[in-house]
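The values are calculated or read from the model by the stated rules, or taken from the named source; none is laboratory data. Computed from a prediction, not measured in an experiment: that's the story for all the values here. Methodologically, a virtual Cβ is constructed for each residue, glycine included, from the backbone with ideal geometry; neighbour enumeration extends over all protein chains shown. Accessible surface areas use protein heavy atoms only, side chains included; no ligands, DNA or RNA. Shrake-Rupley method; radii C 1.70, N 1.55, O 1.52, S 1.80 Å.
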Amino acid sequence: MRDITVKGKTLKRELLLFFFLFVIVFCFNVYAIVDYKAPWTEIISELHYVLLISFTVYLIIGIIRLIVLAIKTLLNKT
Amino acid sequence: MHQRMFSPVYLEAVERLHNGELGEITQIRAYWHRNNNWRRPVPEKKPDLDRKINWRLYEEYSAGLLTELASHQIQVANWIKKSAPVSVMGTGSINYWKDGREVYDNVACIFSYPDGMQLVYDSMISNKHYGLEEQILGSKGTMELEVNKYYSEYPPTPPAILQLINDIEKDIFDVIPIGGASWVPETAIEYKGEFISDNYRMDETKLQLEAFVKYIRVGKAPEELTKEGYHSSLWSLLAEEAIKTGKKITLPDKYII
């Protein structure tokens, strides 16, 4: 079996992407709090939802990236 | 035996009701539905024992559903209201188990309380889908005592972010009506409620028997228990009279205590 090595650059890029998504979902939560007139404590108390949604979006984007990568590889071979 | 008075769930519920947690109690609905003929087997060689063995089915010994089942739930209503009813009207018939029994196999009654609140009651033995329940309806919430449930009229709203996601999901996937409905059915709200008490696993019959033994030992039982038993039995029998006469029955003076 071949070891999978993740380069520091790749890891940094993925972490940055996840952080970017987290910030977007966090803003999304702030908008929801204002729009639904919810208590501001939900910024902290609902952080687990923000994290969960960020992770879900990251996964969805990951799947899309994999599909794009697979198509690119196939095109390059032909 | 009115064992619900010894149930931790009922004790906690009644305390919360008396503290006004449900606001003003505006109606109590209670029902007890079974699906069986209520008969016990009679020895083939002694058919004359039927009336003794199946005493619940004969007027000489029983008022049927009213004294055997309804009395428990009338007691609960009286306990919650801290009062007995002031009148009862009702109807009943034998519409399914036409096997020679004398007591009704279905009854429906309305008991009125001094403050104008109604206890709406029904019992039957030809369908068990809804089982039994006492539903306490108040201006601030509802309690279903048999299933240990409390439902606020103002259920807690989910976090804003979930509401937003839910609304986006609805916008994307819901069907857009071309002609808006002029009336939307007011069906029950889908809200799972909260438990009234955590002590629901305790056996109320066992607790009642323990209390009974204790009362024998001390040589005295609380007067309230006797009063509860008296009023629930009395109003079960008055309900029977209301059904038989087809009239609204009020409490005769001679029964006032």
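Points worth noting:
- Solvent exposure, largest accessible area first (probe 1.4 Å, DNA, RNA and ligands not counted), of B:Trp183, B:Trp55, B:Trp97: B:Trp183, B:Trp55, B:Trp97
- Inter-part distance where segment B:113-179 and segment A:40-78 are each reduced to a Cα centre, Å: 38
- Computed on protein heavy atoms with a 1.4 Å probe, the accessible areas place B:Cys109, A:Cys27 in the order A:Cys27, B:Cys109, largest first.
- Cα centroid of segment B:52-91 to Cα centroid of segment B:205-243, whole Å: 13
- Neighbour count of at most 11 Cβ within 10 Å plus DSSP loop: longest GluC sites (Glu not before Pro)-free window in chain B: B:61-185
- A versus B: buried accessible surface, summed, Å² (probe 1.4 Å, to nearest 100): 900
- Averaged over peptide B:154-166, the number of partner chain Cβ atoms lying within 10 Å of each residue's Cβ comes to 5.
- Helix A:8-35 vs. chain A, principal-axis angle (Cα, 0 to 90°, nearest 10): 30
- Radius 14 Å from Cβ of B:Val120, net charge of other residues (Lys, Arg +1; Asp, Glu -1): -1
- Exposure rule at most 13 other beta-carbon atoms within 10 Å, DSSP loop trypsin sites (Lys or Arg not before Pro): chain B longest free segment: B:141-191
- Around B:Pro158: net Lys/Arg minus Asp/Glu count, Cβ-Cβ under 12 Å: -3
- Relative to the longest principal axis of the Cα atoms of chain A, helix A:47-77 runs at roughly 20 degrees.
- Counting only protein heavy atoms and a 1.4 Å probe, the protein assembly as shown has 66 square angstrom of accessible area per residue.
- Restricting segment A:23-61 to chymotrypsin sites (Phe, Trp or Tyr not before Pro) that sit in a DSSP loop and have at most 16 other Cβ atoms within 10 Å of their own Cβ leaves A:Trp40.
- Assuming charge only on the beta carbon of Lys and Arg (+1) and of Asp and Glu (-1), the dipole of segment A:9-60 about its Cα centre is about 300 debye to the nearest 20.
- Sorted into 10 angstrom bins from 0, the C-alpha pair distances of segment A:8-77 split as 19, 36, 25, 13, 5, 1 percent.
- Multiplying each eigenvalue of the alpha-carbon gyration tensor of chain B by 5 and taking the square root yields semi-axes of 38, 25, 20 Å, largest first, rounded to whole angstroms.
- Positive-end extreme of charge dipole, chain B - chosen from B:Tyr61, B:Ser139, B:Trp79 (charges on Cβ): B:Tyr61
- Split the accessible area of the protein assembly as shown by element, probe 1.4 Å, and carbon with sulfur accounts for 60%.
- Between B:Thr226 and B:Lys254, the FRET efficiency estimated from the beta carbon spacing at R0 = 22 angstrom works out to 0.80.
- Here A:Asp35 sits with roughly 80 square angstrom of accessible surface, probe radius 1.4 Å.
- The charge dipole of segment B:194-257, taken about its Cα centre with unit charges on the Cβ of Lys, Arg, Asp and Glu (plus for the first two, minus for the last two), comes to roughly 320 debye.
- Nearest-20 debye value, the protein assembly as shown charge dipole, Cβ charges on Lys, Arg, Asp, Glu: 1180
- Residue (of B:Leu207, B:Pro8, B:Phe195) at the positive-pole extreme of chain B, dipole from beta-carbon charges: B:Leu207
- Of the residues making up segment A:19-64, those losing 30 Å² or more of accessible area when the isolated chain is joined by the remaining protein chains, with a 1.4 Å probe, are A:Phe28, A:Ala32, A:Tyr36, A:Glu42, A:Tyr49, A:Ile53.
- Restricting chain A to trypsin sites (Lys or Arg not before Pro) that sit in a DSSP loop and have at most 15 other Cβ atoms within 10 Å of their own Cβ leaves A:Arg2, A:Lys7, A:Lys37.
- The residue list A:Ser54, A:Ala32, A:Ile67 was ranked by how far each Cα lies along the charge dipole of segment A:8-77 toward its positive end, using unit charges on Cβ atoms, and A:Ile67 comes out on top.
- Each other residue within a Cβ distance under 13 Å of B:Met202 adds +1 if Lys or Arg and -1 if Asp or Glu, for a net charge of -2.
- Hull-based mean projected area of the protein assembly as shown, where the convex hull spans the alpha carbons, in square nanometres: 35.1
- Probe 1.4 Å - accessible area at A:Leu16, Å² to nearest ten: 110
- B:Ile125 - accessible surface, heavy atoms, 1.4 Å probe, Å² rounded to 10: 0
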